Amino acid sequence: MARNGFPVSTFSSKAAARGLRSFANDDAPEVGLGMLLRNADNAFNRVLRHKLAAHRISFSEFQHLRQLWDEEGLTQVELSRRIGIERASSTAVIVSLLRKKLIRRSADPSDKRKVLVYPTARGAALRDRLWPCAIDTNTIAYAGLNQEDRRTLFRLLHRVTANLNTVLDE
């Protein structure tokens, strides 16, 4: 099923809609915070995936390239850690990026056991075409939110993240 040209996931369920309507009426939402965040994340990523597909880049490939644009020469282990996925999951993405000639690998000069990953010139050049996809997706997500709403949203989400991180950091 599609809405406004974007695929609609099963996470936009009737229960989630009821929870959001409840929230709009100033009641505590029926949907838990985790589910609401997951729904927002899924909706955001569906739009971003759609935009990236126009450039023949998957969401996972974008995540890898994005990290390498920020810092070249990461090991696959570090790249996987920064993205938040298992190394095994990263392997298929790296192979795909290698086939597309968007990244290259080379041995770490200080430790030959490690392999470092770098964007190629072609992979680096994609930054100027792919960042607008992320910016446009953010613009869509921000619709109806003024600057103060955005600051409040980010402040609250940082607080929620910090609250949850302290549980596992203890």
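The values are calculated or read from the model by the stated rules, or taken from the named source; none is laboratory data. Not measured: the values here are computed from a predicted model. All Cβ positions, glycine included, derive from the backbone under ideal geometry; neighbour counts span all protein chains shown. For the accessible areas, the whole protein counts, side chains as well, though only heavy atoms, and no ligand, DNA or RNA atoms are used. Shrake-Rupley method; radii C 1.70, N 1.55, O 1.52, S 1.80 Å.
Before moving on, here are some points about what is shown:
- Put simply, when 135-144, 52-61 are sorted by average Cβ atoms within 10 angstrom per residue, most first, you get 52-61, 135-144.
- Sequentially through the range 39-44, phi angles give Karplus couplings (6.51, -1.76, 1.60; θ = phi - 60°) of 4, 5, 4, 5, 5, 4 Hz, Gly and Pro residues having no value and appearing as x.
- Accessible surface, the range 82-146, averaged per residue in Å² (probe 1.4 Å): 65 Å²
- 5 angstrom amide H check on LEU116, placed H, neighbours 5+ away: SER106, ALA107, ASP108
- 3J(HN,Hα) along the range 88-105: 4, 5, 6, 4, 4, 5, 4, 4, 4, 5, 5, 4, 7, 6, 9, 9, 9, 10 Hz, from the Karplus curve 6.51 cos²θ - 1.76 cosθ + 1.60 with θ = phi - 60°, whole Hz, x for Gly and Pro.
- A viscosity of 0.890 mPa s and a temperature of 25 °C, combined with the Kirkwood radius over C-alpha pairs in the Stokes-Einstein formula, give the range 68-163 a diffusion coefficient of 154 µm²/s.
- The length gained by stretching the chain between MET35 and ARG122 to full extension, at 0.36 nm per residue less their Cα-Cα distance, is 27.5 nm.
- Phi angles across the range 121-126 convert, under the Karplus curve 6.51 cos²θ - 1.76 cosθ + 1.60 with θ = phi - 60°, into 3J(HN,Hα) values of 4, 5, x, 5, 5, 5 Hz, Gly and Pro given as x.
- Packing, as the average of other Cβ atoms within 10 Å across residues, places the peptides 155-161, 63-69 in the order 63-69, 155-161, highest first.
- Cα-Cα separations in the range 38-123 greater than 19 Å, expressed as whole percent: 39 percent
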